[in-house]
Each structure stands twice: as C-alpha cells, then as structure tokens.
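Derivation of every value follows stated rules applied to the coordinates shown; laboratory data play no part. Note that the coordinates shown come from a computational prediction; the quantities given were computed from them, not determined experimentally. Positions of Cβ are generated from backbone atoms using ideal geometry, with glycine treated the same way; all protein chains shown enter the neighbour counts.
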Amino acid sequence: MTPSVGIIMGSKSDLNIMNQAAEVLQQLGVDYELTIVSAHRTPHRMVEYAENARSRGLKVIIAGAGGAAHLPGMVASITTLPVIGVPVKSSNSIDGWDSVLSILQMPGGVPVATVALDGAKNAGILAAQIIGSHDEVVADKLAQYKVEMREKVEDSIRSL
C-alpha cells in the first residue's frame, strides 16, 4: 500500500523518539514510511523528498530533528503538505530548547505544526487526525483510541 504519512528524521540517533510516531500510526492502521533525511548532510535528498512527497501519495509529513532542527521548516518551505515538527533533545542540543524554537518560530507563510520536545507520539496522533478528517476508518479508530484512554484513566480512578 502507498503510505499516507512520511516520517523523516535528521539522523539515526532520532529513531528511538520517532519510532513513537510509527507505533501509534501502526496502532491506528495508518500506512507510513520511515527514513533519514538530513537537512544539513543530505540537502539534495531533502529537497527531492519534499518535492515528490505529494506525487508519491503522502498526505502528511512528520519531521523530527535535534540541535538546529532545520529539517521540518525546510521541508515545509518546499511542500504544500502539512508538516508536523518534532523537536528532539539530542546530544548536540541545548536542553532541547534550540530544537523547539527552531521548529516553533517559523516565518509567516511557512507553517510547521510543532509538538512537544520528544513528542513524536502526539505527532503520530495529529497525523492520523489529519488523515481521519477525510477517512472514516481512521476516524473511527481514533475515536476508539480516545475511548480506551478514557477507560484507562477511569480504571486508575477506581483502583485508588
């Protein structure tokens, strides 16, 4: 099947965080692809990925990056698809704030939906919600996911 969501990251060291997006998409039945696309080390690959994403069938891109975190914004500057940025607290990061601000503070006209530091799970859920806005099967799975979250909290309340 053609993936609906592209999950990209600046380096393999981001994989442990970005896998959270993949896991939730898999749970919700949303097809995705996962790869490394570095804005600084493979800029031509980044441009090619962003330029061809829509024609390859992607509907949303989740882009995770640490440090200067240029990947989400640069991809958003090229594609018309929604881009969800995941700031990653990496070894070269200043407590993650540099990544958060690099993704959050985009100029007018180049939006990037930004989740919390290391918040790839929420990026996956947001991507599924975007897909679910026009796919009833995914919307139903999201509704069930929310019911299960509520029931888990209610079970915790009862166990207290």
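Amide hydrogen proximity for Gly85: with H placed 1.01 Å from N in the peptide plane, the residues at 5 or more positions away or on another chain lying under 5 Å are Ala63, Ala113, Thr114, Val115.
When only alpha carbons of the stretch 78-117 are considered, Rg and Dmax amount to 10.8, 31 Å.
In order along the stretch 40-52, the phi-based Karplus estimate (6.51 cos²θ - 1.76 cosθ + 1.60, θ = phi - 60°) of 3J(HN,Hα) comes to 9, 9, 9, x, 5, 4, 4, 4, 4, 4, 5, 5, 9 Hz; Gly and Pro are listed as x. Cross-linked pairs Lys121/Lys141; Lys59/Lys141; Lys89/Lys141; Lys12/Lys152; Lys12/Lys146; Lys12/Lys121: Cα-Cα separations exceed 27 Å for Lys89/Lys141; Lys12/Lys152; Lys12/Lys146. Computed over neighbours whose Cβ is under 13 Å from that of Ile125, the net charge equals +1, Lys and Arg +1, Asp and Glu -1.
3J(HN,Hα) along the stretch 20-27: 4, 5, 4, 4, 6, 5, 4, 4 Hz, from the Karplus curve 6.51 cos²θ - 1.76 cosθ + 1.60 with θ = phi - 60°, whole Hz, x for Gly and Pro. Computed with the Debye formula from one identical point scatterer per Cα of the stretch 1-157, without solvent, the log10 of I(q)/I(0) at q = 0.10, 0.15, 0.19 Å⁻¹ comes to -0.34, -0.73, -1.11. Between amide H atoms placed 1.01 Å from N, distances below 5 Å from Gly66 occur with Gly10, Val88, all of them 5 or more places distant or on a separate chain. When the GluC sites (Glu not before Pro) in the stretch 7-93 are filtered for DSSP coil states and for at most 12 other beta-carbon atoms within 10 Å of their beta-carbon, no site remains. Once you mark the trypsin sites (Lys or Arg not before Pro) that are in a DSSP loop and have at most 16 other Cβ atoms within 10 Å, what is the longest gap between them in the chain? The longest uninterrupted stretch comes out as 57-160.
Database remark: amide H of Ile7 closer than 5 angstrom to the amide H of Glu33, Leu34, Thr35, Ile62 (H placed geometrically; neighbours at sequence offset of 5 or more, or on other chains; Pro and chain starts carry no H).
Please determine, in degrees from 0 to 90 and to the nearest 10, the orientation of helix 136-159 with respect to the longest principal axis defined by the Cα atoms of the chain, where the helix direction is its Cα long axis. Taking the Cα atoms of the chain, the angle to 136-159 is about 60 degrees. Against the chain, whose longest principal axis is taken from its Cα atoms, helix 120-132 shows a tilt of about 80°.
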